[in-house]
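Q: This is the structure I want to talk about, given as structure tokens.
The values are calculated or read from the model by the stated rules, or taken from the named source; none is laboratory data. Please read all numbers here as calculations on a predicted model, not as lab measurements. We place every Cβ from the backbone using ideal geometry, glycine too, and count neighbours over all the protein chains shown. Each accessible area value is taken on the protein alone, full model and side chains, heavy atoms only, with ligands, DNA and RNA left out. Shrake-Rupley method; radii C 1.70, N 1.55, O 1.52, S 1.80 Å.
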Amino acid sequence: MFFRKDYAKPGPGIRPDEPEKTGWNRFTEILTLECGSLLKLNLLFLLTSLPVVTIPVALYAMHLVVRRMVCDEVVDCVHHYKQALVMHWRTAYVAFFVVAVPLALSACGMITYLRFAAQNPMFFLPFVFCSTVFLVTALSSAHFYAILSTGKTVRESVRAAVVFGIARPVQSLPAALGIYGLSLIALLAFPISVLYWLLIGFSAPCLLANFFVRTDVKQYFSA
């Protein structure tokens, strides 16, 4: 009971009939309750990503731990992170390449075809195609990792994430901005942002992304 940080349950200073917080009030509550866990999680991610080849596993493990936070489940940061590393490493690599490969290839295609389109307008069509792939992948990635964390297969998660990424822009766009937008700003601000990267540069964007898609995943995919 003591380690379950749940404001939805009656307790000292909380009325039994107090409604569960929603929106930014709920996000602030999670951030307050899990501040220490986010700092610890960010450190764990950095340490386990040092070999570089372990980044996919570290990323998925971080998503699984953060998912527990937004679902108001018990979070033992080290235990659950280690458990995810050991049990889900195969899924983690597949998930990483499902997102990273389309993003990287479409980004390269956008840059290449845009340059060629300046000389030949026909190249504008493949540029539009690459832009669409990039946008859909970016919008779907948060839903993808969140849905995958519920136990769905990679194939099921991809199909559902693409649908939600396109059909639910109110959730998918802020989630994508939370992941890629914050990271891009911090990258452009380097080296001023070094402290940010070391403290919450990875765990905070992950929390934002999972927070924005939490209602979709809870409504359609929770057991």
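Q: Work out Dmax and Rg for the stretch 162-223 from the C-alpha atoms and quote the Rg first, both in angstrom.
A: So, for the stretch 162-223, Rg and Dmax equal 13.7, 44 Å respectively.
Q: Counting residues in the stretch 76-135 as N, plug N into 2.2 N^0.38 Å and put the Cα Rg over that result.
A: Compactness ratio reported: 1.74.
Q: I would also like to ask the following. According to a simple spin-label model (label point 7 Å from Cα along Cα-to-Cβ), what is the distance in nm between LEU33 and GLN83?
A: 1.7 nm
Q: Given springs between every Cα pair under 10 Å in a Gaussian network model of the chain, which of VAL133, VAL65, VAL194 has the largest fluctuation?
A: Judging by the Gaussian network model, the answer is VAL194.
Q: Rounded to two decimal places and with Rh computed the Kirkwood way over Cα pairs, what is Rg over Rh for the stretch 137-188?
A: 1.04
Q: Given the chain, what count of lysine pairs have C-alpha atoms under 20 Å apart, with each pair 8 or more places apart or on different chains?
A: Close lysine pairs under the 20 Å cut-off: 8.
Q: I'd like to check one number: the per residue accessible area of the stretch 73-223, probe 1.4 Å, reported in Å² as a whole number.
A: About 57 Å² of surface per residue is accessible.
Q: Please state the relative contact order of the stretch 90-194 as a whole percent: Cα pairs under 8 Å, 6+ residues apart?
A: 22 percent
Q: Relative contact order of the chain: what whole-number percent is it, with Cα pairs under 8 angstrom and at least 6 residues apart?
A: That works out to 22 percent.
Q: With a 10 Å radius around each residue's Cβ, average the other Cβ atoms per peptide and rank 41-47, 102-108, highest first.
A: So the order, starting with the most tightly packed, is 41-47, 102-108.
Q: Just to compare against my own numbers: the Cα pair-distance distribution for the stretch 103-220, 5 Å bins, whole % per bin, please.
A: 2, 12, 17, 17, 16, 15, 12, 6, 2, 0
Q: Can you give me the relative contact order of the stretch 131-174 as a percent, contacts being Cα pairs under 8 Å and 6 or more apart?
A: Reported as a whole number, the value is 45 percent.
Q: Measure off, as a whole percent, the carbon and sulfur share of the 1.4 Å-probe accessible area of the stretch 78-151, all protein chains present.
A: Carbon plus sulfur share of accessible area: 76 percent.
Q: How far is helix 23-33 tilted off the main Cα axis of the chain, in degrees rounded to 10, range 0 to 90?
A: Taking Cα atoms only, the helix is inclined about 60 degrees.
Q: Cα axis of helix 124-148 to longest principal axis of the chain: angle in degrees, 0 to 90, nearest 10?
A: For 124-148 against the chain, the angle is about 20 degrees.
Q: Another one. Under a 10 Å cutoff between Cα atoms, tell me which one of VAL170, VAL136, VAL99 has the largest fluctuation in the Gaussian network model of the chain.
A: VAL170
Q: Between PHE124 and LEU188, what is the spin-label point distance in nm, taking each point 7 Å from the Cα along the Cα→C-beta axis?
A: 2.6 nm
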